[in-house]
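Asks: Have a look at this one before I ask anything.
Each reported figure results from applying straightforward, stated rules to the coordinates on display, with no laboratory input. Here the structure is a predicted model, which is why all the values come from computation and not from measurement. All Cβ positions, even for glycine, are placed from backbone atoms using ideal geometry, and neighbour counts span all protein chains on display.
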Amino acid sequence: MTPTSGQEDQPIVSFESIQAAANLIKGAVLETPCLPAPRLSQLTGADVFVKYENMQVTGAFKERGALVKLSSLSQDEKRRGVIAVSAGNHAQGVAYHAGRLGIPATIVMPVLTPFVKISATRGYGAEVVLAGNTLAEAKEEADRLATEKNLVWVHPYDDAHVIHGQGTIAIEMLDALPDLDVIIVPVGGGGLIAGIATAAKALKPAVEVIGVETTLYPGMWGAFYGKEVVCEGATIAEGIAVRDIGVLTTEVVKRTVDDVVLVSESSIERSINAYLTLQRTIAEGAGAAGLAALLSDRERFEGRKVGLVLCGGNIDPRLLSKIVVRELARDGKLVSIRIDTPDRPGTLGEIATVIGDMQGNVVDVEHHRLFLNVPAKGATLDVSFEAFDRDHGERIVAALRERGFVVRYLEIGERMG
């Protein structure tokens, strides 16, 4: 649940307004690079270019729309101050530019918001209020504060000024790459894709604009195709985990966007890892959704010139490290095995020697003797080792079995119990 957009009082979403927004934010918001990504092209079969919105001061595109909205306020509204509900990028975008403009900002965040995001938002000068366990509960407190203090709402997506700000991305992309065939855009509430599609179609009607949602939160997909959907679940792409998409954004999307597609959680994980390991850049789950669409339907985009909007890079470092480990395991480069062995001196050394002689690298060992499901005269070893690739790992396991060890594969993280 989110604050209403006040549609009836808003300007029409138009390319002319997006052009004006581009002039307004010039010098205050970074014009991020849109660069070729040869290794992603090799991975996907498309000719890939990436728009690096993760390079903004706050790490995400939200600054654009926030600044345009804040700049549209009257002097009285600026004096009274603004309020927003957010657990992430919108909070930081509003806080940062409100601070620059001298506008008091109150951001209501759920109490379970990661401390790093709370700290960053406070660091930009906003007053942070923690309330409720969900955004809906936080919104109730924000409603109360907005009424009590006569504050102005800054909606994260369902606001024409915000949409105009986000649409400036398309102007920059097509200025740098006028021959793009496709622009792929992550979709949460719809503000980003509504702005991008409006500008892109005005500049180049033939360009295809495709939205991407996670399968757990297919709100815009459902609206686009007239399907009943359920939006729920824990997703790695929390930035686009929106239950209530915008009214204004949906209207714009239906008339300007060519398609909305859904991607799996595993494809988003793979894309985060690809950005890190191939592009040496950080993408949060929402930011990686566009690449996930390429990986999920390679045939559709093969040979086409595709622009990806890497809309944000604010990901918890611990989560990022976990994803990297999981992707190593999926690729067969990190192997976890369980070995039943006799409990005698030298066995562990023998196992390590076999792995080492075959150029494997042992990274973790757990030795179990005392559990009741281990024979009294036996032991069990859980071993994780690095391999060059899946085939290399399988050869190491085969060598262990040839030495008489009983070996089975484990999922990463599986342990004796």
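Asks: Given 26/305; 201/254; 69/149; 227/254, which pairs have Cα atoms separated by over 21 Å?
Replies: Table pairs above 21 Å Cα-Cα are 26/305.
Asks: Which ³J(HN,Hα) values in Hz, rounded to whole numbers, follow from the phi angles of the stretch 197-212 under the Karplus curve 6.51 cos²θ - 1.76 cosθ + 1.60, where θ = phi - 60° and Gly and Pro get x?
Replies: Listing the rounded values in order: 5, 4, 5, 4, 5, 6, 7, 8, x, 7, 5, 8, 10, 10, x, 10 Hz.
Asks: Show the residues, 5+ positions off or on another chain, whose built amide H is closer than 5 Å to the amide H of residue 129.
Replies: For residue 129, whose amide H was placed from the backbone, the distant partners under 5 Å are 107, 108, 109.
Asks: When N is the residue count of the stretch 63-153, what does its C-alpha Rg come to as a fraction of 2.2 N^0.38 Å?
Replies: Relative to the rule-of-thumb radius for its length, the stretch 63-153 sits at 0.98.
Asks: Turning to a different aspect of this structure: What is the order of 248, 328, fewest Cβ neighbours within 10 Å to most?
Replies: In order of increasing Cβ crowding within 10 Å: 328, 248.
Asks: Also, quick follow-up: Could you pull out every residue, at least 5 positions away or on a different chain, whose amide H is within less than 5 Å of the one on residue 263? Hs are placed 1.01 Å off N in the peptide plane, and Pro or chain starts have none.
Replies: The answer is 213, 214, 215.
Asks: Which value results when the Cα radius of gyration for the chain is divided by 2.2 N^0.38 Å?
Replies: The reported ratio for this selection is 1.15.
Asks: Still on this model: Hull surface divided by four, with the convex hull built on the Cα atoms of the stretch 183-339: how many nm²?
Replies: Average projection, Cα convex hull of the stretch 183-339: 10.7 nm².
Asks: Hey, another quick one. Would you please put 102-110, 36-44, 222-230 in order of how densely packed they are, using the mean number of other Cβ atoms within 10 angstrom per residue and starting with the highest?
Replies: Top of the packing list down: 102-110, 36-44, 222-230.
Asks: Further question: Based only on other Cβ atoms within 10 Å, what is the fewest-to-most ordering of 334, 308?
Replies: Fewest to most other Cβ atoms nearby, the residues stand as 334, 308.
Asks: Related question: Give the peptides 193-201, 349-357, 54-62 in descending order of average Cβ contacts within 10 Å, highest first.
Replies: Per-residue Cβ counts within 10 Å, averaged per peptide and sorted highest first, yield 193-201, 54-62, 349-357.
Asks: How high is the relative contact order of the chain? Use alpha-carbon pairs under 8 Å, at least six apart in sequence, and give a whole percent.
Replies: So the answer I get is 16 percent.
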